[in-house]
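These notes are about the structure you will find just below.
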Amino acid sequence: MKNLKSFIKAILILGSFLLVLSAQSQELETLIHEALDNNPEIQKVDLQYKIATEKVTEVNSLPNTEFNLGVMAIAPEMEMPMDRFRLSVMQMLPWFGTITARENYATSMAEAQYIEVAIAKRKLTLSVSQFYYQLFEIKAKQEVLTKNIVLLQSYEKLALTSLEVGMASAVDVLRLQIRQNELQQEKDVLTQQYIGIQAALNSVMNREYDKEVTVVSFVQIPEDDHFNGYETLVINPELLKYDKLYQSVELSELVNQKEGGPMIGFGVEYINQENSPMITSAYKDMVMPMLSASIPIFNKKYKSLTKQNEWKKQEISAQKEERLNLLKSELSKAISQRNQSRIKFITQEKNLNQAKNAEQILVRSYETGTIDFMDVLDIQELQLKFQMGQIDAVKLYYVQSAIINYLINI
């Protein structure tokens, strides 16, 4: 059990550590630790583990000791000596190795429950990370919108100046103002989205829904992706759980075999007798050692349990294979989407640079009096589209990285 705890703890902590490093975010690491400490779901599964651990003590006990006391309430008139009372004690003992088998089975179930704790913590880490990157996306987009509004305001000043000298129309000014209003609307909508996601994140952290969450506004996509390969899937706690369940069924069958054996009882009975002229011995009371046995002659129950355990092992093996295939599919999908996000980011970077070049050409044309504010708006919209696309790509990259870390990091 101790080795299992150390192993699972290493899986969880190192996986979270790599996730935090990839995001270059101290804030995320702090949120994850706080969530692990306060989340009710984690507290629930941890208590379930403690209950499972306590069952090891529960099974390490003998059957109840039997005490019997019989008192002669009405004594018939007889010359033969009569019993005053009888007192007996009997202790049944299970077949050799039964208690040890029960302990091993209970321990294996506790270990399986401990893996459930690790799974819950990894899922919570993933959930916090996904919420965090959604908040990052919103904050980054709001900053981009703010910069674009400032840019449009500078264009509006140019348009007003051009309007004074007859080089632009009032319609150009109005179009620029309308575009600013649209961007402000997008920014306000994002603010409401931020509040909702922030409340969801605070909920899994078990704190006030409106507590402010601090996130970074800029994150780089690293040049190289850290990927251990599909082989590390086999140590994902979701699969380790099936190994422990399989082992517990094997130990359950051992308990079944032991309980199919006889039980032996040892005891002693004391009989207290009245004084009688017929008793010539100095000892009128009797002490009688007792030996009893409980033999399961009709053992269909144990044979049936053996068949059930064999089928359970086959079921667990099938479930593990099914889950492994699903995890492989999820990993392939996450890797593909992460690669897609890198491609999209690079493409948006190229497009953005070209749009900025086009913007500079338009601004320089203002000096010659040939500026077209419709072209200005078109270029601004393109820049905004590419900037938003970059943010979407970065968010997608790190969300998929979080999923990959959940699946394979150790």
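Values in this text are rule-based calculations from the coordinates and carry no lab data. The structure displayed is predicted, hence computed values, not measured ones. Glycine also receives a Cβ, built like all others from the backbone with ideal geometry; neighbour counts cover every protein chain displayed.
Work out how much length PHE218 to SER294 would gain on full extension: take 0.36 nm times their residue separation and subtract the Cα-Cα distance, in nm to one decimal.
20.0 nm
For segment 197-264, build the convex hull from the C-alpha positions and give me its volume per residue in Å³. It would help to have the intermediate numbers written out before the result.
Details: hull volume 12.5 nm³, N = 68.
Cα-based convex hull of segment 197-264, divided per residue, equals 185 Å³.
Run down the lysines and flag those whose C-alpha is under 21 Å from the C-alpha of LYS139, throwing out any fewer than 8 positions away in its chain.
Qualifying lysines at Cα under 21 Å: LYS147, LYS187, LYS211, LYS344, LYS385, LYS395.
Distance in nm between label sites at ALA170 and VAL268, each 7 Å beyond Cα in the beta-carbon direction?
Those two pseudo-labels are separated by 11.7 nm.
More than 42 angstrom separation, counting every C-alpha pair in the chain; what % is that?
I get 47 percent for the Cα pairs in the chain exceeding 42 Å.
Sorted from fewest to most neighbouring beta carbons within 10 Å, what does the list VAL376, VAL213, VAL363 look like? Please list the in-between numbers first.
Working: VAL376 25, VAL213 18, VAL363 15.
With the sparsest Cβ surroundings first, the list reads VAL363, VAL213, VAL376.
Label-point separation (nm) for SER332 and ILE178, each offset 7 Å from Cα along Cα-to-Cβ?
Rounded to a tenth, the inter-label distance reads 4.9 nm.
If I model a spin label at THR306 and GLU322 as a point 7 Å from the Cα along the Cα→Cβ vector, what separation in nanometres do I get?
Spacing of the two 7 Å Cα→Cβ label points: 2.8 nm.
Against the longest alpha carbon principal axis of the chain, how many degrees, from 0 to 90 and to the nearest 10, is the axis of helix 98-164 turned?
Rounded to the nearest ten degrees, it is 10.
Could you tell me the center-to-center distance, by alpha carbons, between segment 312-330 and segment 383-410 in angstrom?
28
DSSP loop (so not H, G, I, E, B), at most 16 other Cβ within 10 Å: list which chymotrypsin sites (Phe, Trp or Tyr not before Pro) in segment 296-341 pass both filters.
Values: sites: PHE298, TYR302, TRP311; in loops: PHE298.
When the chymotrypsin sites (Phe, Trp or Tyr not before Pro) of segment 296-341 are filtered for loop state and at most 16 Cβ neighbours within 10 Å, PHE298 remain.
With springs only between Cα atoms under 10 Å apart, run a GNM on the chain and tell me which of ASN64, ASN38, ASN309 wobbles the most.
ASN64
222 nm [θ] for the chain, helices only, -39500 (n - 2.57) per DSSP H run of 4+, per residue, to 500?
Here the helix-only value at 222 nm equals -25000 deg cm²/dmol.
Report, to the nearest 10°, how far helix 40-59 tilts away from the longest principal axis of the Cα atoms in the chain, using its own Cα long axis and a range of 0 to 90°.
Compared with the principal axis, the helix lies near 20 degrees.
Taking the mean number of other Cβ atoms within 10 Å as a proxy for protection, how do you rank 349-362, 95-108 from highest to lowest?
95-108, 349-362
Using only Cα atoms, find the angle between the long axis of helix 2-23 and the longest principal axis of the chain, and express it within 0 to 90 degrees, rounded to the nearest 10.
Between the helix axis and the principal axis of the chain, the angle is about 10 degrees.
Using unit Cβ charges (K, R positive; D, E negative) and no other charged atoms, how large, in debye to the nearest 20, is the dipole of segment 309-404 about its Cα centre?
It comes to approximately 640 debye.
On each of the three principal axes of the Cα atoms of segment 289-395, give max minus min coordinate, whole Å, ordered largest first.
Dimensions of segment 289-395 along the principal axes of its Cα atoms: 119, 29, 20 Å.
Compare the Cα positions of ILE197, TYR406, VAL394 along the charge dipole of the chain (+1 at Cβ of Lys, Arg; -1 at Cβ of Asp, Glu; about the Cα centre) and return the one farthest towards the positive end.
TYR406
Just how many % of Cα pairs in segment 162-281 lie over 17 Å apart, if you round to the nearest whole percent?
Numbers: 6001 of 7140 pairs.
Tail fraction, whole percent: 84.
What percent of all Cα-Cα pairs in segment 41-171 falls into each 5 Å bin, going from 0 up to the bin containing the maximum distance?
It works out to 2, 8, 8, 7, 6, 6, 6, 6, 5, 5, 5, 5, 5, 4, 4, 3, 3, 3, 2, 2, 2, 2, 1, 1, 1, 1, 1, 0, 0, in whole percents.
What's the FRET efficiency of LYS385 with ILE343 using the Cβ-Cβ distance as r and R₀ = 25 Å, to the nearest 0.05?
It comes out at approximately 0.90.
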